[in-house]
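Before any comments, here is the structure.
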Amino acid sequence: MAITVSRPKLNWSERLYLPAIAAGMAITIKHFKNMLFGRTKVTMQYPEEKWDSHMPEHYRGAPALVRDDTGRVRCVACQLCEFICPPRAIKIIPGEIPAGDRFAKVEKFPHEFDIDMIRCIYCGLCEEVCPEQAIYLRKDYAITGFTRADMVHNKEKLLEIGGVMHGVVLKWNEKK
Amino acid sequence: MDYFFLTISLVKIVALLAVVLGMMNYTVYAERRISALIQDRLGPNRVGPAGLFQPIADAAKFLLKEDFTPGHVNKFYYWLAPCLAMIPAITTLAVVPFGSTLFGVPMVIADINVGVLFVFAIASLGVYGIVIAGWSSNSKYPFLGGVRSTSQMISYELSLGLAVIPVFLLIGQLRLSEVVRYQIEHGWMIAPFVGDWANPHKWLLAIPMMISFVVFTIAIFAETNRLPFDLPEAETELVGGYHTEYGSMKFGLFFLGEYVAMITGSAIIVTLFLGGWHFPSIPDGSHGWGWGLVNIFIFFSKVAVLLFVFIWVRWTLPRFRYDQLMRLGWVFFFEIALANIFLAAIILAYFPQ
């Protein structure tokens, strides 16, 4: 059965359309004025104004290696992160710590530690799996480069992003 | 051969072209900024202070893009169409008086006695650019855009022509500088505040002039393919309408041609109804070249205000449906313009000055 939709009956001024047009133009000019005099705040001006202060605590940005209070690179090159990494972005070449070193009992250190930031998916599994609390996801999100090689973070770059991490477990101290 | 006249004309042509082309570029910028502000955005604000160099960047982009011609088009007409879209819009400006006098030289390139007929004759050629673009592209959407454009232009040119008849009934001449001179002596067509403004006859005549002004302005909207009458391009329905198959500077010519047509249309509205370069209590160019420059500035300021209205309307009103457009043109504006001629004629015949 066909349903007849009743059309609204327009009166004379509504059919003239001009009042509606005037009302519409009043609305747009109001928006225009509010924007012009800065009464509407809508957009973040990205490169000058950054999102940083609004970033939540749990934000997962670029992964980075950290040093502890004594300045030691906390990574012991166990390669767990390399194995867990879903897109296989991490490449570690382990090296051996010489016998005379203060932390000789750790035995291994990362000779090279590369994270390919083109592949990284910022999942945070490396941070979760690390038994040494050595790799953390920091809040850096604007990772850019002109070549593929630029986008590979080597050990120096990772340590530079990571910096020093205070208040973590220090299990390799001499007394232990 | 009058070399003085030739040189002066050439200087005027170059100067007017420079002003209008610069204005066109900044109309595009204004359109982007104003539309953004109306929609609670910011618009282009990166290139130069407040984004003021954006038009230069846009022009550089257009010129440096690959000039691509699709394989399935009719080459000759495909190349001809953008020129046909741009040239009539610029040519029309030749008869518009854009200032009083500067060093005794009248500020109009060609003060011909058929002024407004010339305007209509050339302006209606603009439709060829669109139709030929739509046809030569050999593709469905441009074709539909071209067909729509033809019928739209024909419908609205009628009311465009009829709307100005009251003005010329009153003045008795088609020369545009005469129209301006009349308005200086007797007050602007739609607002006779100057001259013998206390005369009730002037205010009675302002009624048909107001109707003429509204009909003419709306018809100019339709002529320049601006929203709410942008059916030939109709991004949401026809992709890009008649310029779907165009790229780089050929598209740029269509795009900028629309803005030049807007400027031309505004210039004609200003000349016919808003007093041209005249502003109450500002003397004309015979009182010194400074005032001549001020007159030119006043003219282009009035044009700029109208351009703002064009942009404002575009970002307020939705597009008409095709049958609504045709109904509006043939059933309303045509009749209103026709009745308005009779109204003006009766006022002129039976109510003495």
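Here are a few things to note about the model shown:
- Under 18 Å from a label point set 7 Å out along the Cα-to-Cβ vector of A:MET25, the amide N atoms of the range B:297-319 belong to B:302-319.
- Sorted largest first, extent of chain B alpha carbons per principal axis (Å): 64, 51, 47
- Nearest 10 degrees, 0 to 90: helix A:18-36 Cα axis against chain A principal axis: 30
- 5 angstrom amide H check on B:LEU102, placed H, neighbours 5+ away: B:MET107
- Rounded, prolate or oblate (a/c below 1.5 giving rounded, otherwise prolate when a/b exceeds b/c) for the range B:260-353 by Cα gyration tensor: oblate
- Cα-based helix-to-principal-axis angle, B:334-350 vs chain B, degrees rounded to 10: 10
- Residues listed by number, the range B:244-280, amide nitrogen under 17 Å from B:GLN173 label point at 7 Å toward C-beta: B:271-273, B:275-278
- The Rg/Rh ratio of the protein assembly as shown, with Rg taken over Cα atoms and Rh as the Kirkwood radius over Cα pairs, comes to 1.19.
- Each of A:ALA142 and B:TRP330 was given a label point 7 Å from its Cα along the Cα-to-Cβ line. The distance between the two points is 5.9 nm.
- Whole-Hz Karplus values for the range A:140-148 come out as 5, 10, 8, 9, 10, x, 8, 10, 5 Hz, taken residue by residue from phi with 6.51 cos²θ - 1.76 cosθ + 1.60 and θ = phi - 60°; glycine and proline positions read x.
- Förster radius 60 Å - calculated FRET efficiency between B:TYR350 and A:PHE37 (Cβ-Cβ, nearest 0.05): 0.75
- Label point distance in nm, B:ILE282-B:MET210, each placed 7 Å from Cα along Cα→Cβ: 2.5
- Once exposed loop GluC sites (Glu not before Pro) are cut out (DSSP; at most 15 other Cβ, 10 Å), longest piece of chain A: A:108-173
- Backbone N atoms of the range A:97-112 closer than 12 Å to the 7 Å Cα→Cβ label point of A:LYS91 belong to residues A:112.
- Qualifying trypsin sites (Lys or Arg not before Pro) in the range A:68-126, DSSP loop, other Cβ atoms within 10 Å at most 13: A:ARG88, A:ARG102
- Relative to the current alpha-carbon distance between B:GLU237 and B:SER124, full extension at 0.36 nm per residue lengthens the span by 38.2 nm.
- Loop-located chymotrypsin sites (Phe, Trp or Tyr not before Pro) in the range A:22-113 (DSSP state other than H, G, I, E, B) with a sparse environment of at most 15 neighbouring Cβ atoms within 10 Å: A:PHE37, A:TRP51, A:TYR59, A:PHE103.
- For the pair the range A:85-127 and the range B:244-287, the centres of their Cα atoms are 67 angstrom apart.
- As a calculated quantity, the FRET efficiency between B:ALA60 and A:TYR46 at R0 = 22 Å, using C-beta atoms, amounts to about 0.40.
- Cβ-isolated cysteines (cut-off 4.7 Å), the protein assembly as shown: A:CYS75, A:CYS78, A:CYS85, A:CYS120, A:CYS123, A:CYS130, B:CYS83
- Projected label points at A:ALA149 and B:VAL114, each 7 Å from Cα along the beta carbon direction, are separated by 7.2 nanometres.
- Rounded Å value of the spacing that divides the Cα centres of the range A:154-176 and the range B:122-186: 76
Read-outs throughout are calculated quantities, based only on the coordinates presented, and are distinct from any laboratory measurement. Predicted model, so just to flag it, every value in this text is computed and none were measured. Counting neighbours? That spans all protein chains shown, and the Cβs are built from the backbone with ideal geometry, glycine included.
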